[in-house]
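These notes are about the structure you will find just below.
Taken together, the values in this text are just the output of simple stated rules run on the coordinates, not laboratory data. Source: prediction; values computed, not measured. When we count neighbours, we look across all protein chains shown, and the Cβ atoms used for this are built from the backbone with ideal geometry, even at glycine.
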Amino acid sequence: MILIDTNIYLEFYESPAARKLVPSLLEIKDHVLVTSTIVDEVRRNQLSICCSALVSQYDKLSLPNVSVSDQLLGAAPNELTDLRRDISDVKTRLTEIRTKIDSLIASTLSQVQQCSDPVSLALEPLFQSAVPPTDAERAQARQRKEVGNPPGKRDDPLGDQITWEQFLSRAKNADALWIVTKDGDYCTRQSDQLLINPVLSRDLDAHGYKGPAIRCFYSLADALSDLKQSGHQISVLPTTDILSEIKKEEGRLPNNTRFLWDTNVLAGLRDHFHCPMCGTTFAAGELFIEQTESGLAQRCRCGHCGAVWTL
């Protein structure tokens, strides 16, 4: 069974390279757990993610305020006039190009808004099998939030908690488990390795999972490669060179949902933070950045009580 976090799906809306993985993902869709919560989170954020990616890319298309000075010694008056006219023509042409691009961006965003864009349509066979939570899973998710156990944050609505409870409900019957995420609630990143949160590992044991160690990945490209090596039938996996390029692009994405901080970075910072809930030093905790309604926010998770606060 494979759990792919919301932030991974959202990369399809901001990275043409990441979209090359969609056909491979669809080949194993019967093994992917898609919850109604994940679909709702993708739909809530896909427009803003796509808009941000397009605007940041094409905002660079501009011409500096260039002028031709009369102090160009040796230039004849007619040469200065020609230069100024050429610059004016370039600016006019660039304005025309920007107008066309703005129109295309508006058209693209309109499609994303209506879920009629290529990405939304490609994901539909996967999302149409989204599983709603049971009343029991909702209740367990609320209890998880109340005690402060991951995943999810105390100040946010129920979301990751519900998805995790649904994952646990099905883990007992799974031969093996994979998680693909950039969310620090699930894993801690050590170089290229992701280590699952001990609380979540304990949850899996308590729910009777007897399979091999859960496989966690930061990169969907790496996860799909591992799944194919594990025997899953993926016939349209991109070539090694293309996968390498996709992985590089995944590393460059702004990660609009959350960042996972390397434990080597945390080691130099944790002693400077103290939990406002229990008062202990920020020992063995997490420092991460996530997207909020007001922008990016730097947040801490206490390694002792699990409380999360904004810096």
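Worth a mention:
- Radius of gyration over Kirkwood radius for segment 1-253, both on Cα atoms: the Rg/Rh ratio is 1.15.
- For W178, W164, the sequence from fewest to most other C-beta atoms within 10 Å is W178, W164.
- Legend: residue pairs K145/K210; K20/K100; K20/K248, Cα-Cα distance threshold 19 Å; pairs beyond threshold, K145/K210; K20/K100.
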